[in-house]
Structures are given as C-alpha cells and as structure tokens.
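So the structure is just underneath, and the comments pick up after that.
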Amino acid sequence: VHRVAVIGAAGFGGAVGAAILRRHPSIELTGVTARSDAGRRHDELYPAYRVPLQLEQFDPDAIAERADVALVAYPHKAAAPAVRSLRERGLKVVDLSADFRLDRESYERWYQPHEAPELLGESVYGLPEAHREQIRTAELVASPGCNSTAALLALLPLRGRIDDAVVDIKTGVSGAGREATEETHFVSATDNVNPYKTEGHRHVAELEQELPGVRFAFVPHLLPIDQGLLASCYATPSEPLTRDAARELFRQAYESEPFVELIDKPPHTRDVRFTNRATVYVTVAGDRVLSFCAIDNLWKGAAGQAVQDLNLMLGLPETEGLT
Ligand SMILES: NC(=O)c1ccc[n+]([C@@H]2O[C@H](COP(=O)([O-])OP(=O)(O)OC[C@H]3O[C@@H](n4cnc5c(N)ncnc54)[C@H](OP(=O)(O)O)[C@@H]3O)[C@@H](O)[C@H]2O)c1
C-alpha cells in the first residue's frame, strides 16, 4: 500500500483527489491539508465525498513522515514552493497547477517568474495518452490543464496533418476553483453564456507545446453548469481527409486507451460527469475536420487524471481506483 497525501484538499480539485484516493484499493490516504479550513473534517466541508479525515495545516516535515507521494492542488505560483519542499524530502509529486507544465520561457511569458525553475528539468507533462512511458519513471508529473486535456485529446490524432485549429471550449464554473469571482458568481453565470480571455488564454501554451507548428485560435466560454467541459475543434487538414480516414486515425490512436472512448455521435458533458472518461467524436464537414471531446474538468481534467498519473508512477494498474 502506498501512502499518499493531498495538499490543498479543501479546494475543488484537491477535494476530488482526496475522494478518489480514499477509495483507491492500493493507496492509503494519510493526510489532507488546508489553510483556513485546517482543523475541520474533510467530510464536513464536502459531505458527498466521504473522506473522514481532519484537514491540517501544510507542514512538509509532518507530511514526509506519513506519505511517500503527494498530490498538490494549489494555484499556480503557490504550488511551486510546496512542490519543492516535498521533492526535497524525497516524495514523488503530481502537481495539478500550471507550474511544471511548460518550459521556463513559455511559463514566464504566460504566468510570472518561476518559483522553482530548478525542478523544470525533471517534470513530465502528465497526459498519459501522449507521455505514458515518461510518466511511469517520473518523480514529478504536471497534470495538464482541463481545457488543454480536452483539446489535445480531440486533436492529437491529427498531429502532422493540420497547420491550424480553432479550439472552442465550453466549461463549467468549477473550472475556476472554489473562490467565486464576479464572472463565476451564480448571478452572473446562471442563464448566461459568454466567451472570455478572447485575446489569449494561457492554456494555449500547452497546446503549442504538445502540437508544435500548429497555429491556434483558442476561445473558452463559461456555461451555467457545475462540472463538465466540452472542446469543439475545427481544423483544415493540409491534405484532404475523408471522414472514414479521420475516424481510422482516431480509432488507431485510442483503441487501447482505457479512458478515451471514441463514439459515433457528438459527446455530451453529462455522460462523463464524475468519471475519468473522455468521449471523443470526429467527423468531416466540407474541407474541415471537426473533432469534439467531453470530460469532467475535475476528473479527467484535473484530479482523476492526476490519479491516473500516480498509478503509472507507482507501477499500479492505470485504471485502479478510477473505474
Ligand atoms: N478546477 C479545475 O477544473 C482545474 C482543472 C485542472 C487544473 N486545475 C488546477 O488545479 C489547481 C487547484 O485548482 P482548484 O480549482 O481546486 O482551485 P481552488 O478550488 O481555488 O483550490 C485551491 C486551493 O489551494 C489552496 N491554496 C494554497 N495556497 C494558496 C494561495 N496562495 N492562494 C490561493 N489558494 C491557495 C487553497 O486552500 P484553502 O482553501 O485552504 O485556503 C485552495 O483550497 C490550480 O492550480 C488549477 O489551475 C484546476
């Protein structure tokens, strides 16, 4: 049994991570941390997740005594020093934030000066469908962004065949985390839909890294749903592609993927809610390839994927605790 702690378990991503790990047959959840909620029980904060542990203040020495692996669910910038303190104590880490997803130059262009640049060399981008073998041997894995996960699963089988893609994302309000903002406040979000960050969303940096050479127009939209994310991607192939040929590319890419399901009709977010599944649909209309991917942003888009990474890092069956 592997001993795992969740750092930032009062946040949306960390809370789902704690819920999954608590039920994982090969893992013992040995600690959950929070700041303002320290001292309260996790199941008081999130009764549905049924994690009967008391939240504690983050102390890397105390965590290192009880855990060999940590899932860190802090916002970017705050994550890097926490990850460093755990790596210094020998823990393997899966980090949910953007801090270890990009190279330094790209990170500092989209975010801010990096807080632990010395760790960038060892981190692996945690999309198992693209980097499974590297994840297996990694000690630090950066779980991809939710938007990037869905967009990449919709586009990766087209790698080398497209020069540009329009990526239209629809996302639920939990994507923005536990702290309500003006945009995600119920009164702003309900009965409403709006694009945001139209001049450049930082998740595009992950797409440019994983699909080099492709130009992107990337526009997220906020929907009045809680958990769920849909990526609709429109690309013009460099060489004409029939619908059958496109489907064959996707079939080959995903036939042995445990969490990616190629379906023959457009995906719905509700069908993957509370699961680590991604449903993908591809078709051709006119000269465009249209591909779609639905995920639950807190599962395959965050904590579920992080546990999938953790399973790989620990040599466990990839789907354990997630089905
Ligand atoms: N939500 C998603 O769909 C999603 C998807 C993929 C990746 N992620 C990434 O996962 C990480 C966690 O996201 P989340 O949605 O779970 O966010 P969240 O609900 O806001 O939770 C973040 C937690 O981090 C803690 N924290 C520690 N240092 C902090 C600081 N300096 N400022 C603010 N909070 C701090 C907070 O703890 P206290 O509550 O105890 O103060 C908070 O509970 C982020 O890096 C996010 O980008 C999120």
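The values are calculated or read from the model by the stated rules, or taken from the named source; none is laboratory data. In this text, all values refer to a predicted model and were calculated from it rather than measured experimentally. Cβ coordinates were reconstructed from backbone atoms using ideal geometry, including for glycine residues, and neighbour counts include every protein chain displayed. To get the accessible areas, we keep the full protein, side chains included, count just its heavy atoms, and leave off ligands, DNA and RNA. Shrake-Rupley method; radii C 1.70, N 1.55, O 1.52, S 1.80 Å.
Things to note:
- Using equal-weight Cα scatterers in the Debye expression, the normalised intensity of segment 233-323 in log10 at q = 0.14, 0.19, 0.24 Å⁻¹ is -0.56, -0.88, -1.13.
- Rounded to the nearest 10 degrees, the angle from helix 146-155 to the longest Cα principal axis of the chain is 30 degrees.
- Angstrom value of the Kirkwood radius, inverse mean 1/r, which spans all Cα pairs in segment 210-254: 13.7
- 5 angstrom amide H check on E56, placed H, neighbours 5+ away: V32, T33, A34, G39
- Per residue, the solvent-accessible area of segment 86-137 (1.4 Å probe, heavy atoms of protein chains only, all protein chains present) comes to 45 Å².
- Where the alpha-carbon atoms of segment 1-104 are placed on the principal axes, they occupy 39, 27, 22 Å, in descending order.
- A Cβ-based charge dipole, computed about the Cα centre of the chain with Lys and Arg at +1 and Asp and Glu at -1, lands at about 500 debye.
- Rg ratio for segment 122-275: its Cα radius of gyration over 2.2 N^0.38 Å, N being its residue count, equals 1.10.
- S256 exposes around 100 Å² of accessible area when a 1.4 Å probe is run over every protein chain in place.
- Tilt relative to the chain, helix 79-88 - C-alpha long axis, 0 to 90 degrees, to 10: 60
- Between 0 and 90°, nearest 10: helix 304-313 axis offset from the chain longest Cα axis: 70
- Shape category assigned to segment 180-219 from the gyration tensor of Cα positions, a/c cut at 1.5: prolate
- Scattering curve values for segment 140-190, log₁₀ I(q)/I(0), Debye with Cα scatterers, q = 0.15, 0.23, 0.29 Å⁻¹: -0.60, -0.92, -1.13
- Convex hull volume of the Cα atoms of segment 1-62, normalised per residue: 69 Å³.
- Estimated from helical segments only, the mean residue ellipticity of the chain at 222 nm is -8000 deg cm²/dmol, where each DSSP H run of four or more residues counts as -39500 (n - 2.57).
- Calculated P(r) of segment 72-169 - Cα pairs past 22 Å, %: 32
- Of the residues I263, I295, the one with the largest accessible area comes first in the ranking I263, I295, computed with a 1.4 Å probe on protein heavy atoms.
- The Kirkwood radius of segment 94-138, taken over pairs of alpha-carbon atoms, gives through the Stokes-Einstein law at 37 °C and 0.692 mPa s a diffusion coefficient of 294 µm² s⁻¹.
- Applying the Kirkwood pairwise sum to the alpha-carbon positions of the chain produces a hydrodynamic radius of 19.8 angstrom.
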